[in-house]
1. Please count how many residues of the range 191-241 are of a type outside the set (Lys, Arg) and within 16 Å of the ligand (Cβ to nearest atom).
2. Are any residues in the range 299-323 over 27 Å from ILE271 (Cα atoms) and within 12 Å of the ligand (Cβ to nearest atom), and if so, which ones?
3. Could you list all residues from the range 333-353 that are on the phi < 0 side of the Ramachandran plot and either open to solvent by less than 10 Å² (accessible area, probe 1.4 Å) or among the small types (Gly, Ala, Ser) (or both)?
4. I'd like the full set of residues that are assigned to a loop (DSSP other than H, G, I, E, B), more than 12 Å from the ligand (Cβ to nearest atom) and among the charged types (D, E, K, R), limited to the range 324-368.
5. Out of the residues in the range 412-428 that are in contact (Cβ under 8 Å) with a residue 24 or more places away in the chain and surrounded by 15 or more Cβ atoms within 10 Å (Cβ to Cβ), state the one that is nearest to HIS206 (Cα to Cα).
6. Yes or no: ALA191 farther than 26 Å from THR272 by Cβ, in contact with a Leu (Cβ under 6 Å, 6 or more places away or on another chain) and small (Gly, Ala, Ser)?
7. Report, by residue number, each residue of the range 65-90 that is out of contact with any strand residue (DSSP E or B) (no Cβ under 9 Å at 6 or more places or on another chain) and within 23 Å of LYS107 (Cβ to Cβ).
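The values are calculated or read from the model by the stated rules, or taken from the named source; none is laboratory data. Not measured: the values here are computed from a predicted model. A quick note on method: Cβ atoms are made from the backbone with ideal geometry, for glycine too, and the neighbour counts reach across all protein chains shown. Heads up: the accessible areas ignore ligands, DNA and RNA and are worked out on the full protein's heavy atoms, side chains in. Shrake-Rupley method; radii C 1.70, N 1.55, O 1.52, S 1.80 Å.
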Amino acid sequence: MSTALISSDTIIALATSLGTNGAIAVIRLSGLEAVRITNEVFKGKDLTKQASHTIHFGTIRDDGEIIDEVLVSLFIAPHSYTKEDVVEISTHNSKYIIERIINLLIKKGARAANPGEFTLRAFMNGGLDLAQAEAVADLIASENKASHEVAMNQMRGGISNKLQEMRDKLINFTALLELELDFSEEDVEFADREQFQALITELKTHIYRLIDSFTYGNAIKNGVPVAIIGKPNAGKSTLLNTLLDEERAIVSDIAGTTRDTIEETLNIDGITFRFIDTAGLRDTEDTIEAIGVTKAKEKAKQAKVLLYMYDEFDNTAEEVINQVKSLYFDGLKVILVRNKIDRKGGYFENVMDQAIKEALFTAYTDTLVAISAKDADSVRPLKDILVNAIKDSQLEGQQIITNTRHLEALQLAYDALEQVEFGMASGLPGDLLAHQVRTALRHISSITGDIDIDRDILGTIFGKFCIGK
Ligand code: GDP
């Protein structure tokens, strides 16, 4: 592993965020000189003589002037996040105090840390693999239960462990395949082809599931895009208002997503739903006629879930069937919502529902729910339906990926494994097969960082972190 990215200097940064109302701020140092540098300005015990994982009260002084009373925590290498000596100074959360202390410590020999540099060091020194390090950023950014779960699982090695285990098995086979080369005249096969095929199949299945989990993973990280579409007066804005009003207190914007249109978000069961392009909806005119079929299609295209709304008074079954068919694409989850059941006869399944179900069920959707958009009680089941629509039961307890870099690497690994299978089927000699396996290995390893990773790639990954992480 290249160590050029990591230098022996001691870095410093504020680990907590500036400008909040919190009482305490934490300044963190990491590197060979972390303890010595801190000790130079710390009045209390001699920090260089203290054990790891101890906390010390004292003052930070600049030429005798007391800047603050602080608590200093010591983590001596390798028992720290970065695997280097780490000092954490808890100060009072004043911008002035923080700046003074950081500047003072820089004067004594520390250097201001780059974004993500603490985590980069943790990775470089083997404390975290690359996927775990990336999960740290996701964990910090997690805003709901679902994204927190996924990030926590990844940080604790959820994705890496299984990949590493399979990678080790592949490496064994590659060694055996390469050995065959030395005995090529004797026509021996050290690597049992049947076992090898079984391993490739297992790996492909695992990778395929991971690739498949990305849509869900990405949805829970960034919010599941939902489009509400239907004819004028179907009750779209009424439904949106009812859904949102219930959750008003906890509805918040998702940080970091760019959008050109107004979007409302709703958090149900720890999953964030984003209602696409609700600008017109909240007041009125965003209807199929008004926005045109093309626009409706555009809107549906961005969605993972389509709530198609209609009622039996202003719609015909044919209209609903044709429009849903024209909006549908592979992977879109369609939920048919028949509205206004509070009106005469509306509670009962009718001929229209039957015709719609007959035409659309199984191929386009399997969900039809009858509601009164005005009535919160009646809308509630729709929330469960939304959650279930994306909580694919197959994904329960499975590893989930949320990172595009991982997705790309997995796709390349999958393609490479297919090449290996193809090579095996056409009786490719061991050494050429081994070469193909190495390609697959390289892609798998790039996820966990078990190979030399390009400096630029590391720069991009850790550059996205904030300073202090
Ligand atoms: P949009 O054009 O699809 O956004 O429809 P609106 O939400 O503006 O609703 C159109 C009309 O239908 C309004 O007068 C609503 O009050 C009414 N409406 C919406 N939902 C219901 C419902 O569940 N029951 C009844 N009776 N009227 C409804």
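1. Taking the range 191-241 and keeping what is of a type outside the set (Lys, Arg), we get 191-192, 194-203, 205-208, 210-220, 222-230, 232-235, 237-241.
Within this subset, residues satisfying the condition of being within 16 Å of the ligand (Cβ to nearest atom) are 226-230, 232-235, 237-241.
Number of matching residues: 14.
2. Once the filter is applied, which keeps residues that are over 27 Å from ILE271 (Cα atoms) and within 12 Å of the ligand (Cβ to nearest atom), the range 299-323 yields ASP311, GLU312, PHE313, ASP314, ASN315.
3. Within the range 333-353, VAL334, ILE335, LEU336, VAL337, ARG338, ASN339, GLY346, ASP353 qualify.
4. ASP330, GLU349, ASP366
5. Result: TYR414.
6. So ALA191 fits the description; yes.
7. Hit for the range 65-90 is GLU65, nothing else.
So that you can scan it fast, the table gives a plain yes or no per residue for (1) in contact with a helix residue (DSSP H, G or I) (Cβ under 9 Å, 6 or more places away or on another chain); (2) without any contact (Cβ under 8 Å) to a residue 60 or more places away in the chain; (3) assigned to a helix (DSSP H, G or I):
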{"site": "ALA389", "(1), (2), (3)": "no, no, yes"}
{"site": "GLN398", "(1), (2), (3)": "yes, no, no"}
{"site": "ILE401", "(1), (2), (3)": "yes, no, no"}
{"site": "ARG405", "(1), (2), (3)": "yes, no, yes"}
{"site": "VAL437", "(1), (2), (3)": "yes, no, yes"}
{"site": "ALA440", "(1), (2), (3)": "yes, no, yes"}
